[in-house]
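Note sheet for the following structure.
FYI, it's all coordinate maths here, none of it is from the lab. Quick caveat, the model's predicted, so the values are computed rather than measured. Because the Cβ atoms are built from the backbone with ideal geometry, glycine has one as well, and the counts that use them run over all protein chains shown.
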Amino acid sequence: MGSFLLMGAKPLVQNSPTMKLHELLDWEEIAHKLKGLYKREATHGGGPEPYAPLAMFKLMLLGQWHGLSDTQQEPAGSRRGTDAFFGYRGYSAVDTEDGYIEHVEVHPANQAEVNKLPGLVDALIEQGIQPEGVLADKGYASAANRAYLQSKGIGDLIQFKGSRGQLVHRLQTQMNRAIATLRYKVEQGFGTLKRRFHMSRARYFGVAKTQAQMAWAALGLNLLKAMRKLQSGSETRVLFRNMEFELRVPAQP
């Protein structure tokens, strides 16, 4: 497949976001990053020649962009209508400067979110990202999480919540409002993931496949943000999972 647009599910015009991204991205650089994904490249084994990694990357990205999935190609009724049987909860770490998604994770919905914060922060640190502070909603409020952030030298900006017999103090309520004004980019990102990239419903069975779905959706969101920044004439970077590319354009006179 020589074009990012070949398998488009909707009519695509020259000025569409998909066409603009296709023209902006350095596909040769991305292809270089994708080398070594197939075991066959190392073993030189026999069998049918696999699809080119870059072509598969384009197809996966395009599928997420337009809400396509393997399940949509299955015969009608093969997934018991529209009932959902498994629940997952998605987590994302978003930078406060540009709103890019830096990391995503998916876990079963029956696991408490309050216990996931250390893992998310550790994953960022492993990627070479050292957070100065963590802004999080009340779902992450716990003594253990606050102690963890303190041990890492990371600012604690987790919202406060009350408990039985102990209401949130007036000053803590004011702090909660201040935190909300800073972490809106997280909620904004989730809203875009749901509306634009169809993350209201998992398309696959299993945590690993659902996390892959969320990672592709996050990639699409980062590309969308990057395209808008480029159109405004500002410098930006495009975050891929485990890959980072920089796109620069001159400032507008």
Estimated distance in nm for a label pair at Leu37 and Ser200, the labels positioned 7 Å out from Cα along Cα-to-Cβ = 2.9 nm
Where in the range 109-152 are there GluC sites (Glu not before Pro) that are in a DSSP coil and have at most 11 other Cβ atoms within 10 angstrom of their Cβ?
-> Glu132
Antiparallel DSSP bridges in the range 104-245: what percent, to the nearest 5?
-> 50 percent
Highest to lowest packing among 160-171, 185-196, 210-221, scored as the average C-beta count within 10 Å = 210-221, 185-196, 160-171
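If the limit is 26 Å between Cα atoms, which of Lys20/Lys209; Lys20/Lys58; Lys152/Lys229 go over it? Please list the in-between numbers first.
On the way: Lys20/Lys209 29 Å; Lys20/Lys58 14 Å; Lys152/Lys229 33 Å.
Checking Cα-Cα distances, Lys20/Lys209; Lys152/Lys229 exceed 26 Å.
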Residue (of Ala123, Ile154, Val104) at the positive-pole extreme of the range 100-183, dipole from beta-carbon charges | Ile154
Mind putting a number on the dipole of the range 88-190 about its Cα centre? Charges go on the C-beta only, +1 for Lys and Arg and -1 for Asp and Glu, and I need it in Debye to the nearest 20.
-> 680 debye
